[in-house]
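Beneath this line is the structure, given in C-alpha cells, with notes to follow.
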Amino acid sequence: MKALKMAMIGALALGVSGVATADQYEDAINYRQAAFTLIKGDFGPMGAMAKGEIPFDSKAFAGHAANVAAVAQMADNGFIDGSDMGDTKAKAAVWEDRAEFDKQMKGFQTLTQELAEVAKSGNMDEIKPKFAAVGKTCKSCHDDFKSK
Ligand code: HEC
C-alpha cells in the first residue's frame with residue numbers, strides 16, 4: 001500500500017515535471033531562434049556596409065556590432081539538454097558532439113566581442129578582416145550543427 005502510494009506520488013511528480021519540461025524545451029528553441037534572428041538583423045546591415053552596398057556609417061556599424069556581441073553571449077542559453085526535438089533546425093550533433101559545439105560557440109562569442117571592439121575605431125580596413133572572421137564562424141557552425 002505504501003509502495004503504491006509512493007508510486008502514485010512519483011507518477012504525479014513526473015507528470016507535472018513532464019509538462020513543465022515540454023514547455024521548457026519549446027521555450028529554449030524559441031529563445032535560441034529569437035537570438036539568431038536578432039543576430040541576423042544586426043549582421044545583415046554590417047555586411048552590406050562592409051561590401052559597400054550601403055554607405056558606411058561607423059556609428060551605426062559599431063552599434064550593430066555591440067548588439068551582435070551581446071546577443072552572441074545569450075544564444076547558447078537556448079541549447080539546453082533535451083531541446084533537440086520539436087520545431088528546430090539544430091542537428092542532433094549539437095548534443096552528440098557538445099564539446100565541439102561549445103568550442104565553436106565560444107569562438108563565435110570571442111570574435112564578436114573583438115569585432116565590437118575594433119568597430120569602435122571606425123576604420124573599415126581594420127574592421128573588414130574581423131567581420132569576415134565572424135562570418136566564417138556562422139557558416140562553419142551552420143554546416144556542422146544546423147540543418148538546411
Ligand atoms: C556555434 C554555432 C552557431 C553559430 C556560431 C551561429 N549559428 Fe546561427 N544557428 C545555429 C543553430 C544550431 C541554429 C538552429 C537553431 C534552431 O532551429 O533551433 C541556428 C539558426 C540560425 C538562424 C535561423 C533562426 C530561426 O529563426 O530559425 C539564423 C538567421 C542564424 N542562425 C544566423 C546566424 C548568423 C548570422 C551567425 C553569425 C553572425 C550565426 N547564425 C552563427 C548555430 C550557430
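Considering only residues of the stretch 49-70 that are of a type in the set (A, V, I, L, M, F, W, C) and open to solvent by 20 Å² or more (accessible area, probe 1.4 Å), which is nearest to Phe108 (Cα to Cα)? Checked the stretch 49-70; the qualifying residue nearest to Phe108 (Cα to Cα) is Ala70. Of the set (1) within 8 Å of the ligand (Cβ to nearest atom); (2) closer than 16 Å to Val68 by Cβ; (3) not polar (S, T, N, Q), all apply to Ala116 but (1).
Contact map, the stretch 87-100: first residue open to solvent by 70 Å² or more (accessible area, probe 1.4 Å), second residue among the basic types (Lys, Arg), Cβ cut-off under 8 Å, separation 6 or more or different chains; pairs are Lys89/Lys146; Lys89/Lys148; Lys91/Lys146.
Taking the listed residues Thr137, Thr110, the one that is without any contact (Cβ under 8 Å) to a residue 60 or more places away in the chain and either near the ligand (Cβ under 7 Å from one of its atoms) or surrounded by 15 or more Cβ atoms within 10 Å (Cβ to Cβ) (or both) is Thr137, with no other qualifying. The single condition from (1) exposed (fewer than 15 other Cβ atoms within 10 Å of the Cβ); (2) more than 8 Å from the ligand (Cβ to nearest atom); (3) under 21 Å from Lys40 (Cβ atoms) that Asn123 fails is (3). Just one of the listed residues (Ala116, Ala132) is more than 30 Å from Tyr25 (Cβ to Cβ), more than 15 Å from the chain's Cα centre (by Cα) and surrounded by 14 or more Cβ atoms within 10 Å (Cβ to Cβ), namely Ala116.
The values are calculated or read from the model by the stated rules, or taken from the named source; none is laboratory data. What you see is a predicted model; the values in this text were computed from it and never measured. Please note: Cβ atoms are built from the backbone with ideal geometry, for glycine as well, and neighbour counts cover all protein chains shown. For accessibility, only protein heavy atoms count, side chains too; no ligands or nucleic acids. Shrake-Rupley method; radii C 1.70, N 1.55, O 1.52, S 1.80 Å.
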